[in-house]
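Working notes, structure below.
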Amino acid sequence: MSELIDPLIAAFLVSTIGGMLRTATPILFTALGENFSESSGILNLGTEGMMLIAAFFSYIIALSTGSILIGLMAGIAIGIFLGLLTAFITVTLRADQIVTGIAITLISIGITSYLFRIIYGTGLPPRLPPREAFGIPLLSSLPLVGKSIFTQPILVWIAIALVPLCYYILFRTAFGLRIRAVGEDPMSADVSGVNVFAYRYVALIIGGALAGLGGSYLSLYHLTTFIDHMTQGRGWIAIAIVMFGRWNPLWIFVGALIYGGAEALAGGIQALGALRGVPSEFLLTLPYILTIIALIIVARRASFPGALGKPYQRESR
């Protein structure tokens, strides 16, 4: 019996790491998009709603058309639309960013719940066919870890690839410099010839597109169905992870892995029944507890963008 302990532990750890990558993906997409928004000075609290409504419509459209790609594009398009709406309200109309974000989230929750009950009532919606996993050449053929870690849905690898790309854009390009400039000191950026309004619009469009992609991943790849309130606070967690990562995509990736690892670990412990007597509700809260602890430890020393949450109005010259 003792000979089986090490292989079982190894298999459990490998499975948990593989699950960590999958569960971190929607958080990572959304957090990377939120990073663009906040770096430009806009606190977008509507990410939860963007994810949820994108998850719903991407699922409905994929189910009706039989095309996952069309459903995915629909989810991204919805995210872009909500990003534009947020930009119009907060940048053009200069409305309160906190109120706007919460309103978009609440409206999205109401719309998806209403339509879900109209279409499916109290029944369960059908599942989509499972997505084929993409294996990294050579690494996916390794024993034990090949299929568990290095064979994942294609969107997992796209999310990971976006991390260095977003870092390069924000910290190594003129576009990224201007995004950060309008988020730090919009008046100085405006005087220097940078169109503050245009860059904030673009940042919110990017944020909306990636939040829509994160939501679409949940329904099309992660669960292959839609469940009412299925985001379960992931949009809020993404906002917290941006602060944890100090607006740096590399550290945002670390934060997403912490959340994903905690969720995968909690699920694995439940499946094994390793902690008998511990309420399952406690295990389900583990990812949120760890995220809050990490945020308290790290984010309190974070330096927020100077103009975050502050509407900008160009002075008359």
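The values are calculated or read from the model by the stated rules, or taken from the named source; none is laboratory data. Source: prediction; values computed, not measured. So basically every Cβ, Gly included, is an ideal-geometry build from the backbone, and we count neighbours across all protein chains shown. The area values use the complete protein model at the heavy-atom level, side chains included, leaving out ligands, DNA and RNA. Shrake-Rupley method; radii C 1.70, N 1.55, O 1.52, S 1.80 Å.
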field: Residue among GLY260, GLY18, GLY208 with the largest mean-square fluctuation in a Gaussian network model of the chain, springs linking Cα atoms under 10 Å
entry: GLY18
query: Highest GNM mean-square fluctuation, the chain, Cα pairs closer than 10 Å: which of LEU13, LEU52, LEU43?
result: LEU13
message: Pick from GLY212, GLY66, GLY46 the residue whose mean-square fluctuation is largest in a GNM of the chain, springs joining Cα atoms under 10 Å.
response: GLY66
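Take the solvent-accessible surface of the protein heavy atoms, probe 1.4 Å, and return the percent of it on the range 1-154 that carbon and sulfur atoms account for.
Ligands and nucleic acids excluded, carbon and sulfur reach 75 percent.
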5 angstrom amide H check on PHE134, placed H, neighbours 5+ away: GLN152, ILE154
query: Under a point spin-label approximation (7 Å from Cα along Cα-to-Cβ), what is the PHE197-TRP157 distance to one decimal in nm?
result: 4.3
- prompt: Tally Lys/Arg at +1 and Asp/Glu at -1 over every other residue whose Cβ is under 14 Å from the Cβ of LEU45; what's the total?
  reply: -3
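Which value at 222 nm does the chain reach when only helices count, each DSSP H run of 4 or more adding -39,500 (n - 2.57), with the total divided by all residues and rounded to the nearest 500 deg cm²/dmol?
On the way: 12 runs with 215 residues, N = 317.
For the chain, the value works out to -23000 deg cm²/dmol.
So which trypsin sites (Lys or Arg not before Pro) in the range 165-231 end up in coil per DSSP with only 10 or fewer other C-beta atoms within 10 Å?
On the way: sites: ARG172, ARG178, ARG180, ARG200; in loops: none.
Taking the range 165-231 and a limit of 10 other Cβ atoms within 10 Å, no loop trypsin sites (Lys or Arg not before Pro) are found.
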task: Give me the accessible area per residue for the chain, probe 1.4 Å, as a whole number in Å².
output: 47
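Taking the Cβ-Cβ separation of ILE119 and THR285 as r and a Förster radius of 25 Å, what is the calculated FRET efficiency to the nearest 0.05?
0.25
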